[in-house]
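Colleague: Just passing along the structure, written as structure tokens.
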Amino acid sequence: MTAALASLSPFGPAGRPPLTEGEGGWLERVEVVTPAMCGHNSLFIGQLGDWTWDAVGASCRADPYTAVGPDGNPAYLSFSYFRVKASSGLCAEQLTFGDRLRIRSKVLSCGGDSVLTLHLVRRDKEIPAHGAARRAVRGVEEFFRYDTPEGIHVENFNRWIQRSGPDTNHGLRRAAPAGFEVHHLDRIAAEYTPRRVCAQARKMAGFRTEGEPAPQARLELSYRVDASRDLNGAGLLYFASYFSIVDWALLRLWHSLGRPPRRFLRRLVLDRQLCFVANADADDVLDVEVTAYHDDDDIDVVDTTLRHQDGSLLAVARQRIRDMPDGEVGP
């Protein structure tokens with residue numbers, strides 16, 4: 001870690017691969033995939049979130065792990081929108097124990113106290129010379145082409161929140177911690193801002209657009225938020241649990257279509273999008289609707305809506321999935 005970056009980062013070196021400061025404001029690290037970081041679940045999503053907290057902490061001079069709001073109560077760096085696009089030859093489902101990954105991250109201002117955190121995740125097949133590593137760093141415009149060979153492109157739209165009252169996850173409010181700085185960050189170009197995507201997803205309660213085919217399959221379910229597995233250490237519905245609930249619904253939809261579990265375990269998710277609208281308490285019962293259609297590119301397009309039982313929106317998600325029947329192999 002460079003001296004300049006070390007002075008900004010609130011994290012000690014113990015137990016975490018160090019961030020280094022690269023060209024153009026990109027942060028870099030190398031990680032080895034452990035059993036807690038991979039699988040046909042949301043573990044890798046959770047790891048991406050940790051990398052986001054690290055990058056924001058290093059870039060914005062605030063420690064997300066200990067942040068407090070103006071009133072002295074805990075403030076949390078939340079995820080308003082999360083996208084994982086993996087259509088250029090590497091998918092999260094293909095990662096396994098011991099894989100060595102090189103992660104390049106950049107934090108951009110979205111106005112106010114909101115930031116957009118980008119990650120480009122690739123296999124680190126060999127340890128390049130320092131100069132080669134610097135040449136490999138891509139600009140923001142190049143990132144949004146989504147064409148980096150064997151790259152996973154990740155976008156996180158982050159805002160600070162805190163509880164509005166004791167013992168409830170409902171009605172979370174905005175609250176940036178003291179010392180959080182964004183004025184020095186590059187501003188995201190209007191064409192790449194996640195704000196429009198989030199606003200449209202909230203308005204339409206989904207990612208469907210005009211002219212899309214009608215759903216060919218639909219399933220309605222109820223899900224009870226499980227205190228033993230869905231909450232994080234702060235007692236909030238963990239952001240990665242939203243992805244787990246979406247996959248729980250997807251698996252049941254596949255069961256209804258007669259697809260065996262082994263096909264679920266072989267699937268490749270080429271694009272994940274999730275817009276977070278609210279949080280939930282343990283034992284809240286959620287109404288879940290999952291729909292799917294098969295597009296012209298032989299991809300399953302799956303939309304999932306999560307609502308509280310009063311009808312208020314919790315989250316909406318879309319996945320583009322390559323189904324891998326027995327005998328087929330991925331890219």
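The values are calculated or read from the model by the stated rules, or taken from the named source; none is laboratory data. Everything quoted here is computed from the prediction, not taken from an experiment. In this analysis, Cβ positions are derived from the backbone assuming ideal geometry, glycine residues included, and neighbour counts consider all displayed protein chains. Note: areas computed on protein heavy atoms with side chains; ligands, DNA, RNA excluded. Shrake-Rupley method; radii C 1.70, N 1.55, O 1.52, S 1.80 Å.
Colleague: Mind checking whether some residue in segment 288-307 is part of a strand (DSSP E or B), free of Cβ contacts under 8 Å to residues at least 60 places away in the same chain and open to solvent by 20 Å² or more (accessible area, probe 1.4 Å)?
Modeller: There is at least one residue in segment 288-307 that is part of a strand (DSSP E or B), free of Cβ contacts under 8 Å to residues at least 60 places away in the same chain and open to solvent by 20 Å² or more (accessible area, probe 1.4 Å).
Colleague: Which condition number in (1) open to solvent by 30 Å² or more (accessible area, probe 1.4 Å); (2) touching a Lys or Arg at 6+ places or on another chain (Cβ under 9 Å); (3) more than 19 Å from Arg272 (Cβ to Cβ) is the one that Leu236 fails?
Modeller: Going through (1) open to solvent by 30 Å² or more (accessible area, probe 1.4 Å); (2) touching a Lys or Arg at 6+ places or on another chain (Cβ under 9 Å); (3) more than 19 Å from Arg272 (Cβ to Cβ) one by one, Leu236 breaks only (1).
Colleague: Quick one: which strands (runs of 3 or more DSSP E) sit completely within segment 22-133 and have at least 1 residues that are under 22 Å from His183 (Cα atoms) and of a type in the set (Val, Ile, Thr)?
Modeller: Fully inside segment 22-133 and qualifying: 100-109, 115-123.
Colleague: Check Glu93, Glu23 and return the single one that is touching a residue at least 60 places away in the same chain (Cβ under 8 Å), buried (at least 18 other Cβ atoms within 10 Å of the Cβ) and acidic (Asp, Glu).
Modeller: Glu93
Colleague: Can you name the condition, by its number, that Arg229 falls short on among (1) closer than 30 Å to Tyr146 by Cβ; (2) part of a loop (DSSP other than H, G, I, E, B)?
Modeller: Result: Arg229 passes all but (1).
Colleague: Quick check, is Gly165 at pLDDT below 95 and either surrounded by 12 or more Cβ atoms within 10 Å (Cβ to Cβ) or in a loop (DSSP other than H, G, I, E, B) (or both)?
Modeller: Yes; evaluated as a whole, the condition is true for this residue.
Colleague: A further question follows. Taking segment 252-265 as the region of interest, how many residues are under 28 Å from Gly89 (Cβ atoms) and open to solvent by less than 80 Å² (accessible area, probe 1.4 Å)?
Modeller: 7
Colleague: Give the residues of segment 26-46 that are in contact with a Gly (Cβ under 9 Å, 6 or more places away or on another chain) and either loosely packed, with under 14 Cβ neighbours inside 10 Å or aliphatic (A, V, I, L, M) (or both), sorted by residue number.
Modeller: Passing the criteria: Val32, Val33, Thr34, Ala36, Met37.
Colleague: Name the residue, out of Asp71, Asp54, that is charged (D, E, K, R), farther than 25 Å from Ala201 by Cβ and open to solvent by 20 Å² or more (accessible area, probe 1.4 Å).
Modeller: Criteria check complete, one pass: Asp71.
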